[in-house]
1. Would you work out if region 1-124 is rounded, prolate or oblate? Take a ≥ b ≥ c from the square roots of the eigenvalues of the alpha-carbon gyration tensor; rounded if a/c is under 1.5, else prolate when a/b is larger than b/c, oblate otherwise.
2. Would you please classify the overall shape of region 1-62 from the alpha carbon gyration tensor, given that a ≥ b ≥ c denote the square roots of the eigenvalues, rounded means a/c under 1.5, and beyond that prolate means a/b larger than b/c while oblate covers the rest?
3. Out of G135, G74, G38, any idea which swings most in a Gaussian network model of the chain, alpha carbons joined below 10 Å?
4. Using only the Cα atoms of region 100-151, build the gyration tensor, take square roots of its eigenvalues as a ≥ b ≥ c, and label the shape rounded, prolate or oblate: rounded if a/c is under 1.5, else prolate if a/b is larger than b/c, else oblate.
5. Give, rounded to the nearest 20 debye, the magnitude of the charge dipole that the chain has about its Cα centre when Lys and Arg contribute +1 at Cβ and Asp and Glu contribute -1 at Cβ.
6. With a cut-off of 14 Å, note down the residues of region 1-22 whose backbone N falls inside the zone around a label point 7 Å from the Cα of N88 toward its beta carbon.
7. Separation between the N36 and I102 pseudo-spin-labels, each 7 Å from Cα along Cα→Cβ, expressed in nm?
8. Taking the Cα centre of the chain as the origin and placing charges on Cβ (Lys, Arg +1; Asp, Glu -1), which of G58, I138, G156 is farthest toward the positive end of the dipole?
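Just so it is clear, none of the values below were taken in a lab; they were calculated from the coordinates. Owing to the predicted nature of the structure, the values given are computational and were not obtained by experimental measurement. In this analysis, Cβ positions are derived from the backbone assuming ideal geometry, glycine residues included, and neighbour counts consider all displayed protein chains.
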Amino acid sequence: MFNTIKDIDEYIIESMPKIHKPWLIKIMRFFTMLGNQGKVWFALCIPLLIIKSTRFTGITVLLAMLITCITGEGIIKHLVCRIRPCSNIEEDRHVVKKPMTIYSFPSGHSASSFTVFTVLAFKMWPLAIPVLFMGLCIAFSRVYLLVHYLTDVVVGIVLGVMCGVLSVQIMQYIALHFFG
């Protein structure tokens, strides 16, 4: 089974350059840049934290991002140690600078995007819809730009959803037991 998954991952990475177009590379670089260090998600948190009625949701998003980062970037990436696909391809096929981190599993961009989506799906559904669209674009950009395998992105999405749900549950517990 793992060999089949690996073969699918490799096939997708080998196929991506066939659909590369200069204009689409620019768009995908933009989406990837939005996801760098969770910039877009921290920017989204600012108004959520400032507005009193959404402050609890903003705190929940920050908690979710912290749990996601610790779990994905701090633990899983260093346990799995999967080398990025761009490390295995010729320099002339790169469409972005190599990421600073050598490990790719799971995708932190995908995980942070979907942890924010999950919190907002529970707390502020209408806002979750554009976040879902942006998260999907960010996740796809990682494979398109050859810095992640498809399974890195899929597991990142699953991790993000799980951490988002966990954060909502933690904050509901805190609200119920401490602010009653």
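1. Numbers: a/c = 2.44, a/b = 1.72, b/c = 1.42.
Taking the square roots of the gyration eigenvalues as a ≥ b ≥ c, region 1-124 is prolate.
2. Note, shape of region 1-62 comes out oblate.
3. Fluctuation is largest for G74.
4. Taking the square roots of the gyration eigenvalues as a ≥ b ≥ c, region 100-151 is prolate.
5. Numbers: 16 positive and 9 negative charges, 108 e Å.
Roughly 520 debye for the chain.
6. Counting only backbone N, you get 2-16.
7. My value for the distance between the label points is 2.2 nm.
8. Sorting the options by dipole projection puts first G58.
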